[in-house]
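K.L.:
Take this structure, written in structure tokens, and hold onto it; I'll ask about it next.
The values are calculated or read from the model by the stated rules, or taken from the named source; none is laboratory data. On a predicted model such as this, the values are computed, not experimentally measured, just so you know. Cβ coordinates were reconstructed from backbone atoms using ideal geometry, including for glycine residues, and neighbour counts include every protein chain displayed. Side chains included, ligands, DNA and RNA excluded: accessible areas come from the protein's heavy atoms. Shrake-Rupley method; radii C 1.70, N 1.55, O 1.52, S 1.80 Å.
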Amino acid sequence: MSYNIKVTKIEKSKVDELDFNNIPLGKTFTDHMFICDYDNGKWTNPRIEPLHDIPTHPAAMALHYGQAIFEGMKATIDTEGTPMLFRPKKNAARLNFSADRMGMPHFPEDLFIEGLKQLVALDKNWIPPQEGSALYLRPFMYADEHFIGMRAATHYKFIIIASPSGPYFSKPIKLFAETKYIRAVEGGTGEAKAAGNYAAAIKPTEIAKAKGYDQVLWLDAHNFNYIQEAGTMNLFFKINREIITPSLDGAILSGITRMSVIDLLKDKCYKVTERPIAIDEIIEAYNNGTLEEAFGTGTAVSIAMIEEIRFKDITIHISDENPVGQMISDTLNGIRSGNLEDKHHWMVKIERELDVTL
Ligand SMILES: *Cc1c(COP(=O)(O)O)cnc(C)c1O
């Protein structure tokens, strides 16, 4: 299906005001936004407009009942300056998976990708050129019907905003394994990229930060034993040459970086296993010297090396040598910047000129 996206351009771009060598994380937004309304059972009026506030009625249902979901992805430029998206179909499909769980309507996947392409084409001067930096894209959907009462909303907005992010020189991080609060349980909303999952995680994360940790490591809701994931990342452990990542158990968010890292590891002939992994197994591997590496994967961080995990009164130190994590990080960055061959055809180039309907 072809969509007519109405484009209203900003009069003067604000990109000149941005210092590309010093981009404040998550605080700068590009000139434009994509926006579309759900009304009378269908998505209508897809448009790109100068970034603006969205007026909110105090009874907007997302504010009361939390029907709000989002995606996170990145646009980069290749060596010729052509903008590219990383596996955008996966994000389109995951948004609809989340929408299903939250009783929200699907957003057409081709319009999701078309909206992204046109927005990125229009704001392509905002894509930071250095390897490791990117234009972070945030598609999201929320209930904006004005109604007090418990049912699925009938009006929604789907919006995409974009925020440049500088090269992420991540230092190794420390995780605090939470044994009081839980993030998710099978049957809940943990598999969906729902705003409410983050709401529930904020307080435990603040507590972990106050203790000197970067993120919470979430354990299973039944026994605080099996490892699920960290705040915004899926987790990988290298034990005795085998690379293990927790299998998707119905509570873990299925990361697109996670699935890509599994493919890259297999390309390099590593043994990768998806299976339940208990914190006890990590402690045992640490004690007998077979815990070789640990890293987290997610769009925002790409690959984050883990140097320490705290579980109750046990502190697990992990070597600051991360050859596998580093190799994967370099490979992902190389593919995203067009410096390495994209064997899996993950990158979607935005070649064509924008056909602007003014
Ligand atoms: C988004 C997210 C991730 C990472 O997913 P990617 O698709 O790799 O960015 C991991 N865990 C949670 C809870 C998330 O919300």
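K.L.:
Return the total of residues in region 51-76 being farther than 29 Å from G149 by Cβ and either open to solvent by 40 Å² or more (accessible area, probe 1.4 Å) or assigned to a loop (DSSP other than H, G, I, E, B) (or both).
P.N.:
Number satisfying all stated conditions: 3.
K.L.:
Ok, one more. Where residues in region 162-174 are under 30 Å from L51 (Cβ atoms) and within 16 Å of the ligand (Cβ to nearest atom), which of them is most open to solvent (accessible area, probe 1.4 Å)?
P.N.:
Looking at the filtered set, the residue picked out is Y168.
K.L.:
While we're looking at this one, here's another question. Pairs, please: C-beta under 6 Å, at least 6 apart or cross-chain, first residue assigned by TED's automatic domain parsing to the domain that holds I282 and in region 230-245, second β-branched (V, I, T) and within 7 Å of the ligand (Cβ to nearest atom)?
P.N.:
Once the first residue is assigned by TED's automatic domain parsing to the domain that holds I282 and sits in region 230-245, its partners that are β-branched (V, I, T) and within 7 Å of the ligand (Cβ to nearest atom) give M233/T297; N234/T297.
K.L.:
Continuing with this model, one more query. Taking the stated definitions as given, is E186 in contact (Cβ under 8 Å) with a residue 60 or more places away in the chain, under 30 Å from D144 (Cβ atoms), in a loop (DSSP other than H, G, I, E, B) and open to solvent by 10 Å² or more (accessible area, probe 1.4 Å)?
P.N.:
No: the conditions fail for E186.
K.L.:
Could you list, in sequence order, the residues of region 28-86 that are acidic (D, E) and farther than 19 Å from Y136 by Cβ?
P.N.:
Of everything in region 28-86, those that are acidic (D, E) and farther than 19 Å from Y136 by Cβ turn out to be D37, D39, E49, D53, E80.
K.L.:
Specify the residue that is modelled with the lowest pLDDT; the eligible residues are those in region 306-320 that are farther than 25 Å from N223 by Cβ and outside any strand (DSSP E or B).
P.N.:
Checked region 306-320; the qualifying residue modelled with the lowest pLDDT is D320.
K.L.:
Within region 189-212, restricting attention to residues that are in contact with a Leu (Cβ under 8 Å, 6 or more places away or on another chain) and open to solvent by 20 Å² or more (accessible area, probe 1.4 Å), which residue is nearest to N21 (Cα to Cα)?
P.N.:
Ranking the qualifying residues of region 189-212, first place goes to K193.
K.L.:
Would it be correct to say that A75 is in contact with a strand residue (DSSP E or B) (Cβ under 8 Å, 6 or more places away or on another chain), in the same structural domain as M141 (by TED's automatic domain parsing), away from the ligand (no atom under 16 Å from the Cβ) and in contact (Cβ under 8 Å) with a residue 12 or more places away in the chain?
P.N.:
Judged against the criteria, A75 is not a match.
K.L.:
Scan (1) without any contact (Cβ under 8 Å) to a residue 12 or more places away in the chain; (2) surrounded by 15 or more Cβ atoms within 10 Å (Cβ to Cβ); (3) part of a loop (DSSP other than H, G, I, E, B) for the single condition L340 breaks and write down its number.
P.N.:
(2)
K.L.:
Okay, next question. So is K157 more than 16 Å from the chain's Cα centre (by Cα) and part of a strand (DSSP E or B) or not?
P.N.:
For K157, the condition - more than 16 Å from the chain's Cα centre (by Cα) and part of a strand (DSSP E or B) - is met.
K.L.:
When the residues of region 175-208 are filtered to those that are charged (D, E, K, R), under 21 Å from the mean Cα position of the chain (by Cα) and away from the ligand (no atom under 14 Å from the Cβ), which remaining residue is nearest to A92 (Cα to Cα)?
P.N.:
Applying the filter and picking the extreme gives E186.
K.L.:
Moving on. Quick one: K157 ticks every box in (1) of a type in the set (D, E, K, R); (2) touching a residue at least 60 places away in the same chain (Cβ under 8 Å); (3) more than 28 Å from R47 (Cβ to Cβ); (4) more than 16 Å from the ligand (Cβ to nearest atom) except a single one, so which number is it?
P.N.:
(3)
K.L.:
Can I ask one more? Answer yes if at least one residue in region 29-44 is in a helix (DSSP H, G or I) and exposed (fewer than 15 other Cβ atoms within 10 Å of the Cβ), and no otherwise.
P.N.:
The answer is no, given that none of the residues of region 29-44 is in a helix (DSSP H, G or I) and exposed (fewer than 15 other Cβ atoms within 10 Å of the Cβ).
K.L.:
Related question: State which residue pairs qualify: first residue part of a strand (DSSP E or B) and inside region 285-305, second residue within 16 Å of the ligand (Cβ to nearest atom) and open to solvent by 50 Å² or more (accessible area, probe 1.4 Å) in any location, beta carbons under 8 Å apart, and separation of 6 or more residues or different chains.
P.N.:
G298/T232; S302/Y168
K.L.:
With the structure loaded, tell me whether I328 is touching a helix residue (DSSP H, G or I) at 6+ places or on another chain (Cβ under 8 Å), open to solvent by less than 10 Å² (accessible area, probe 1.4 Å) and outside any loop (DSSP other than H, G, I, E, B) or whether it fails that test.
P.N.:
Judged against the criteria, I328 is a match.
K.L.:
Just to verify a result, which residue in region 216-263, among those that are polar (S, T, N, Q) and open to solvent by less than 30 Å² (accessible area, probe 1.4 Å), is nearest to the ligand (Cβ to nearest atom)?
P.N.:
Here the residue is T257.
K.L.:
Hey, any hits in region 292-301 for a residue that's among the charged types (D, E, K, R) and open to solvent by less than 20 Å² (accessible area, probe 1.4 Å)?
P.N.:
yes
K.L.:
Within region 104-148, how many residues are assigned to a loop (DSSP other than H, G, I, E, B), open to solvent by 30 Å² or more (accessible area, probe 1.4 Å) and of a type in the set (S, T, N, Q)?
P.N.:
1
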